[in-house]
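For reference, the structure discussed in these notes is given below.
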Amino acid sequence: VDYAVLNTLFSLFIMLSLPASTIQTIVTKTIAGFLATNDFEQSKCFMLHFGRRVFLLGVTLLAVFLTLTPLIGGFLKISHLNLIVITGSALFLAVIMPLTMGILQGAQRFLAIAVNSVAGSFLRLVLAVILVIAGFKVFGALIGFCLATFLVLVISVFQIPKEMIKARGNCIER
């Protein structure tokens, strides 16, 4: 039963997070264009402006998901609504993560992307296994997944090119 619930929630996560991958494509193309001309100011402005919008999108989707949690739980026949809330948190992170990964890809920081990919997979496995063995069952697997994704997100923020971070620019809010 636990495996079926976990599999159902991961399937829901994959179906709902797939469209977020388009964010990475947009960010990669735009950042690469700015950095090709060494326009660090515009890349920083884009990062801040688009980042705010992506964050607001993530918060909005999370709010809708949390509002629909009882309906989702009833439809999927999952009695522990906390599992659905954790899945919603993972979806929020899945919307934010393509922003930083797109910046890294646009800046051609391929080693950083590889490190994040390996670290993410390793942390997801290790944290999930530790929490499941500790007796948290499905909660442990989902919390390990979320925590690992959050840690990789934090790491990727620190890998953003320093030139972009330090750039001084007059970012006009649109």
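Do we have any residue at all in the range 78-94 that's in a helix (DSSP H, G or I) and over 21 Å from Gly140 (Cβ atoms)?
In the first step, residues of the range 78-94 are kept if they are in a helix (DSSP H, G or I); the result is 81-94.
From what is left, the residues that are over 21 Å from Gly140 (Cβ atoms) are none.
No: the range 78-94 contains no residue that is in a helix (DSSP H, G or I) and over 21 Å from Gly140 (Cβ atoms).
Taking the conditions exactly as written (open to solvent by less than 30 Å² (accessible area, probe 1.4 Å), of a type in the set (Ser, Thr, Tyr), touching a residue at least 24 places away in the same chain (Cβ under 8 Å) and under 23 Å from Gly33 (Cβ atoms)), does Thr100 satisfy them or not? The answer is yes for Thr100.
Residue check: is Thr28 part of a helix (DSSP H, G or I), β-branched (Val, Ile, Thr) and in contact with a Leu (Cβ under 6 Å, 6 or more places away or on another chain)? Walk me through how you get there before you give the answer.
Values: part of a helix (DSSP H, G or I): yes; β-branched (Val, Ile, Thr): yes; in contact with a Leu (Cβ under 6 Å, 6 or more places away or on another chain): no.
No; evaluated as a whole, the condition is false for this residue.
Conditions (1) open to solvent by 30 Å² or more (accessible area, probe 1.4 Å); (2) out of contact with any Lys or Arg (no Cβ under 7 Å at 6 or more places or on another chain); (3) touching a residue at least 40 places away in the same chain (Cβ under 8 Å); (4) of a type outside the set (Val, Ile, Thr), marked per residue:
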residue	(1), (2), (3), (4)
Asp2	yes, no, yes, yes
Ser21	yes, yes, yes, yes
Gln24	yes, yes, yes, yes
Val27	no, yes, yes, no
Phe50	yes, yes, yes, yes
Arg53	yes, yes, no, yes
Val59	yes, yes, no, no
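Taking the conditions exactly as written (within 16 Å of the chain's Cα centre (by Cα), among the aromatic types (Phe, Trp, Tyr) and open to solvent by less than 80 Å² (accessible area, probe 1.4 Å)), does Phe10 satisfy them or not? Here the answer is yes, as Phe10 does meet what is asked.
Would you be able to say whether some residue in the range 111-120 is buried (at least 20 other Cβ atoms within 10 Å of the Cβ), at pLDDT 95 or above and part of a helix (DSSP H, G or I)? So far as the range 111-120 goes, yes, one or more of its residues are buried (at least 20 other Cβ atoms within 10 Å of the Cβ), at pLDDT 95 or above and part of a helix (DSSP H, G or I). State all residues of the range 138-174 that are more than 12 Å from the chain's Cα centre (by Cα), crowded, with 17+ Cβ neighbours inside 10 Å and part of a helix (DSSP H, G or I); if no residue qualifies, say none. Answer for the range 138-174, where residues must be more than 12 Å from the chain's Cα centre (by Cα), crowded, with 17+ Cβ neighbours inside 10 Å and part of a helix (DSSP H, G or I): Val138, Phe139, Gly140, Ala141, Leu142, Ile143, Gly144, Met164. In the range 35-48, of all residues being part of a helix (DSSP H, G or I) and without any contact (Cβ under 8 Å) to a residue 40 or more places away in the chain, the one that is nearest to the chain's Cα centre (by Cα) corresponds to Phe46.
The values are calculated or read from the model by the stated rules, or taken from the named source; none is laboratory data. Note that the structure is a prediction, hence the values are computed from the model and not measured. Ideal geometry is used to build each Cβ from the backbone, glycine not excepted, and the neighbour counts take in all protein chains shown. For accessibility, only protein heavy atoms count, side chains too; no ligands or nucleic acids. Shrake-Rupley method; radii C 1.70, N 1.55, O 1.52, S 1.80 Å.
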